[in-house]
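Structure first, commentary second.
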Amino acid sequence: MRNVCLITVLLFAACAAAQISPETLAKREKRKNLTVKEWNTDAKTKTRWLDHLTTYDDQGRKVEEIEYATYGQRERVTIEYDETTGKVSKEVIYDDRDKPVRIRKYEYNEDGTKKKQYNYLPNGKLYSVKVFEYLFSD
């Protein structure tokens, strides 16, 4: 019993430090080392093809997503996380030939929301910055 309490306290502390909600932690627990395949079927020809493939790591975080078309891979995205915050730090987007076409890096506000998205070309040159603004209506 003492070990269970200690583990619970440690998990709560880890969640608080990384600003991860208990709900997110529960979702991640279910997704550990999971691969999800989404299949699509043409209504007329009944041809079936793989539409999406999503892979999660041993912590239940999405690390890769591949979108397919009937001809094969359309786009692939790999996702990296900051080990301190648990937030997405970098995404690399690949084309249908599996060549990198853009790289996204993120900056976050103190409350964990996205602050900025830096968009780079595969050669590392910055080509745009997206700023996130959060407006609450009355």
Has segment 103-121 got any residue that is modelled with pLDDT of 95 or more, assigned by TED's automatic domain parsing to the domain that holds Gln59, surrounded by 14 or more Cβ atoms within 10 Å (Cβ to Cβ) and of a type in the set (A, V, I, L, M)? yes
State which residue pairs qualify: first residue at negative phi and surrounded by 16 or more Cβ atoms within 10 Å (Cβ to Cβ) and inside segment 72-88, second residue assigned to a loop (DSSP other than H, G, I, E, B) and basic (Lys, Arg) in any location, beta carbons under 8 Å apart, and separation of 6 or more residues or different chains. Ile79/Arg61; Tyr81/Arg61; Tyr81/Lys87
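Please determine whether any residue of segment 109-124 is touching a His at 6+ places or on another chain (Cβ under 6 Å) and closer than 28 Å to Lys27 by Cα. Before you say what the answer is, go through the steps one by one.
Residues of segment 109-124 touching a His at 6+ places or on another chain (Cβ under 6 Å): none.
Scanning segment 109-124, I find no residue that is touching a His at 6+ places or on another chain (Cβ under 6 Å) and closer than 28 Å to Lys27 by Cα, so the answer is no.
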Where in segment 19-71 are there strands (runs of 3 or more DSSP E), lying fully within it, with 1 or more residues that are among the basic types (Lys, Arg) and at pLDDT 95 or above? 35-41, 62-69
Considering every residue within segment 120-135, establish whether at least one is out of contact with any Lys or Arg (no Cβ under 7 Å at 6 or more places or on another chain), farther than 29 Å from Leu34 by Cβ and among the hydrophobic types (A, V, I, L, M, F, W, C). yes
Restricting segment 75-126 to residues that are among the basic types (Lys, Arg) and outside any strand (DSSP E or B), the residue that is farthest from the chain's Cα centre (by Cα): Lys125
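The values are calculated or read from the model by the stated rules, or taken from the named source; none is laboratory data. The model shown is predicted, which means the values in this text are computed figures rather than measured ones. We place every Cβ from the backbone using ideal geometry, glycine too, and count neighbours over all the protein chains shown.
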